[in-house]
Each structure stands twice: as C-alpha cells, then as structure tokens.
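Below is one structure, written out as structure tokens; comments come after it.
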Amino acid sequence: MKALDSSISGIILTDNQQPDNPIIYCNKAFERITGYQRHEIIGHNCRFLQKEDRNQKERAVLRNAVKEGKECVVEMRNYQKNGTLFWNELYMSPIKDEQGNVCYFIGVQNDVTRRKKAEQELLHQQDVMEAQISERTKSLKESEDYLSSIVQTVRESLVVLNPDFKVLSVNEHFLKTFKVGKEETEGRLLYDLGNGQWNIPQLKELLENILPTNNPVEEFEVEHDFPHIGKKLMLLNAHRIELEGQYKDRILIAIEDITDRREIERRKDDFLSIASHELKTPLTTIKGYVQIMQRLLPSDISDKFKDILKKTGIYVERLNTLIADLLDMSRIQTGNIELHRETFDFDKAIHEAVENIQAATKTHQIIIKGSATNSYTGDESHIVQVINNLLSNAIKYSPESDEVEVYLSKVSNFLKVAVKDKGMGIKIEDQKKIFDRFFRVGEIQQRFPGMGIGLYVCEQIIKNHGGTLWVESEFGQGSTFSFTLPLDERKSNVQ
Ligand code: ADP
C-alpha cells in the first residue's frame, strides 16, 4: 500500500460487498487531487465528489459498470472540498474472487482539468475570436461602466488590488466605513494601510495564493483596533477577478463589519445558556416529585389519576430532553463539552440503544445488520446520544413507513454506522443546512416537534471523536445518515 502513495494518480479501493459500496482505501494523491483528508473519505461512496452536480450522464455508465462488474473509463465533473471544479478521468476496474464474484473495485483518478479546458477552449476559440474583435471595444466600455456602478452601489466595502497587493481602487462604502480618504488608500500597499490592520501573516499567505491557485479567501475574520473607528470585527472575502481579459490578475476584497451581528449572536447564546441552566434546576425537582408520587401512590387510587400521573412523567421527561439538548448546544458553543473516554463494546452499546428506542416505538421496526467492533475507545454516552438522535429522527420523519435499518460495519481502520429510513427525504439544497443550529426544513416545522439542534450536537460529537457524519438522501424516498469513527487514532490523520 505504501508504494501506491508515491503514485501521482489518485487511487481508491471500494468494497462491493458492503452496503453502498464504500471507499476502504485511498492513497495520498487522491487526498491531494480532491482536497479531502483520509478520515473524510473512508466509508463514503465516491459520489460525494460530484457534490450537487448530479445530472451527469457518465453516472449511468459508472452505475452500469458496477452492476455488471465490468471496467470503464469516464470523464466527470468533480469538486474539491473547497468547491473547485476539476475534471476527473476515472478508470474503474473490478476485482473478482475465485468464484468470479466482484468483491472490490479499484478506481484510478487523474485530474485532467487542464486538458479538458484546452479542448473546450479550442473548440470555441474560432467563433468567439471573430465575434470578440468587433464587440470588444464596445463591450469593454459597457462592462466597465456596469461594473463600476455595481461597485459603488453595494453596501459592502470593496477594495481592488493589483498582483503586487497595491490598492487600485476602493468604493464609497469603504471610505465611509473606515473614515479614510482616497489619498490614504489608493496606490498604497494593502499591508501598509491604516495602522497595519491587514498585515496578518495568515491573511497574507491566503491572499498570495489567490492568483496562482485561483482559490478564494472566504470568511476570514479580522479583529482589530482600527484607526478612526476603534475595535471592530471584520469579515473578509477575496477573489481573483478578470474583466474581458483586460484587467487580468486583480484581487477583489469585500469587507463586512460584523461587530454588531456577532455581539447579538453572543447575547442570544448567553441567554440560551442561562435560560437552560435556570430551567434545568426546577425541572429536576419536579421530576423527583413525580417519581415520589408514582412510588407513594395509594392502591385505591383511580385509573384516571394514575393515567394523568403517567402522562405528567412522560411530558416532564420530554421537557428534560429538550433542555438537555439546549445545554449541550451551549456547552459546544463555549467549548465546554467534556469527553469521558473509555473502552466499551460498541456493537453492544448500539444494540442496547436500539432496544430502548424499540421498546418505546410501536410504529416502526428497527432492524440491525452487520457488526462493527466490540472494543472502541470513546465517550459511550455521547455516541449513544448520536444513535438515539439519528434513530428518533428516522422514525419521526418517516411517518408513512414502518421500518428503520441500522448497518454496522468496519471499513479499513474506521467503524461505520448508517441509519436508513424510507421517509420524506431531504432536498439537496437543505442537506448541508440541516447540520446548522436551529435549521429545520421549512415545511416540516409545523408538523413535527423539534428545535433543530439534534444534528448540530451529533456532528460536533462525531467531530470530537475524529470522525465524520453525513447524509445521503433523495427527496420523497428516504434518508441515510452515516458516521465513521477512527478505530485507532494514531493511524488516522486526526490527532
Ligand atoms: P429536529 O429534529 O429537532 O428538528 P435535528 O437537528 O435533529 O432537529 O434535524 C434538523 C432537521 O433536519 C429536521 O428539522 C428535519 O427537517 C431534517 N431531518 C433530520 N433527520 C431527518 C430524516 N431522517 N429525514 C428527513 N429529514 C430529516
């Protein structure tokens, strides 16, 4: 396997015998080409490289080759972790056992973006050139006016730099925000502006990378005591710009003052944290009293009274879970979540969690398939919390179905758990957002109770254990939430 690491082609191995054909091996070049790290790759199906660009006809060729156990070569649009498109020339070949059954697929990938671009450019160049020459003078003038009107109107501070990081121009909003004059900015080096507020080594490195790699700088925060305006928090985005081939290699920086927004967010978080703490104490007392009442219940008490007491207990417990979720969230926000790592029987813990949920569920049958490991070191109660959350979502969001499946497996030096439902599914544009705090899919809000915190907490827990949590879903068909956890942290690239 070490030898494969020296290959310049990306190489992966997928396991055809496991559900959804997960990747079980990748070499270094695959990490380099895709921009993902090994722990984000192992256990996933290769389709994550297509991101949302799913309407590629080559997918059918691939699917067919996998189904028939044949080899194939396709060129597909794939996306790096940072969203950059690259053309992937993918060669897939099956590995068969002695009986001729396909067990694995080996995939060899080469980034052919350059060649593909050259091909496409060549095809277009002839017609484009002719049209361009006549249009050029006119359109340049128009584009320039157009661009400058946009630049002056936007309510964001904009700066244009030349390749040597000298300021070529700034818009009105910039001058107003920073209370500076044009003469203090234009023609000067970005890093020399004001009192050196942009002279940050990490930012410098990112900006210097924009032109050679075309990678934008996104959401870079700068907290600084600015001259004239005082202490502020600024959010910075920077892109390479090019206008009709004329203004080549320029950098556009957009700067947003997020001081107030961040302060409001902080106050909201503080409020949630205090409120959940304050609510927890009386609730724990109520919970205790309900339990005492249940224990001290006289034998001649009416069924109606017993029923009311039982329901009170259930609702108190539900409230308790909601408040515990809020507390978890604020602990994550403040970085106060503690891990109690111990070695435990992972499969047994999952089986027990499933049994508990099954006991409280009449509508669905939960089926467990496969096995992962009987010895895992991590925080058992956190992992159980994740599985409980995924299972209760799978049940909650599949009211028309009566089955949920849990797959346990071991993929390379990772364990993998997948929870699959045949419920309402999640639209592709919502799939990333559901892991955000408080995000709930619009049409779901009214129909199902919830606060939109569960998945956020789950993702943090899995991240804290060095793993990844993701969803694959088709709207109207169902969803599969999967997570992987490294079995031996020393071997994975997570510290
Ligand atoms: P909650 O369930 O409290 O809303 P979560 O963070 O657990 O919060 O989930 C966030 C959102 O993700 C849900 O509101 C729902 O829209 C969507 N979601 C989660 N799990 C599923 C699932 N299995 N099927 C469909 N949608 C889901």
Checklist entry - If you check Ile434 against the conditions, is it under 13 Å from Tyr397 (Cβ atoms) and near the ligand (Cβ under 8 Å from one of its atoms)? => result yes
Item to check | Qualifying residues in region 362-404 (those that are more than 14 Å from the ligand (Cβ to nearest atom) and either of a type in the set (Gly, Ala, Ser) or in the same structural domain as Arg318 (by TED's automatic domain parsing) (or both)) - the one surrounded by the fewest Cβ atoms within 10 Å (Cβ to Cβ) | outcome: Ser375
Next on the checklist: I'd like the residue in region 454-470 that is more than 20 Å from Thr321 (Cα to Cα) and open to solvent by less than 10 Å² (accessible area, probe 1.4 Å) and, out of all such residues, is farthest from the ligand (Cβ to nearest atom).
Outcome noted: Gly466
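Go through the residues of region 413-423 one by one and say whether even a single one is near the ligand (Cβ under 7 Å from one of its atoms), open to solvent by less than 20 Å² (accessible area, probe 1.4 Å) and within 29 Å of Pro486 (Cβ to Cβ).
Within region 413-423, the first condition is being near the ligand (Cβ under 7 Å from one of its atoms), and the residues that meet it are 421, 423.
When the remaining residues are screened for being open to solvent by less than 20 Å² (accessible area, probe 1.4 Å), the result is 421, 423.
With the extra rule that they be within 29 Å of Pro486 (Cβ to Cβ), the set shrinks to 421.
Yes, there is a match, as at least one residue in region 413-423 is near the ligand (Cβ under 7 Å from one of its atoms), open to solvent by less than 20 Å² (accessible area, probe 1.4 Å) and within 29 Å of Pro486 (Cβ to Cβ).
Does Glu205 qualify as being assigned to a loop (DSSP other than H, G, I, E, B), farther than 30 Å from Phe438 by Cβ, among the charged types (D, E, K, R) and outside the structural domain of Leu85 (by TED's automatic domain parsing)?
no
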Item to check | helices (runs of 4 or more DSSP H) completely within region 1-67 that count 1 or more residues being farther than 16 Å from Glu89 by Cα, open to solvent by 30 Å² or more (accessible area, probe 1.4 Å) and free of Cβ contacts under 8 Å to residues at least 60 places away in the same chain | outcome: 2-5, 28-34
Next on the checklist: I'm trying to understand the selection: among the residues of region 424-453, which are in contact (Cβ under 8 Å) with a residue 24 or more places away in the chain, in contact with a helix residue (DSSP H, G or I) (Cβ under 6 Å, 6 or more places away or on another chain) and surrounded by 14 or more Cβ atoms within 10 Å (Cβ to Cβ)?
Outcome noted: Ile434, Phe435, Arg437, Ile453
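Count, please, the residues in region 91-103 that happen to be within 28 Å of the chain's Cα centre (by Cα) and either within 18 Å of Ile42 (Cβ to Cβ) or touching a residue at least 24 places away in the same chain (Cβ under 8 Å) (or both).
Going through region 91-103 one residue at a time, the tally reaches 1.
The values are calculated or read from the model by the stated rules, or taken from the named source; none is laboratory data. Because the structure is predicted, anything quoted here is derived from the model rather than measured. Virtual Cβ from ideal backbone geometry, glycine too; neighbours counted across all protein chains shown. Areas reflect the complete protein model, heavy atoms only, side chains present, ligands, DNA and RNA absent. Shrake-Rupley method; radii C 1.70, N 1.55, O 1.52, S 1.80 Å.
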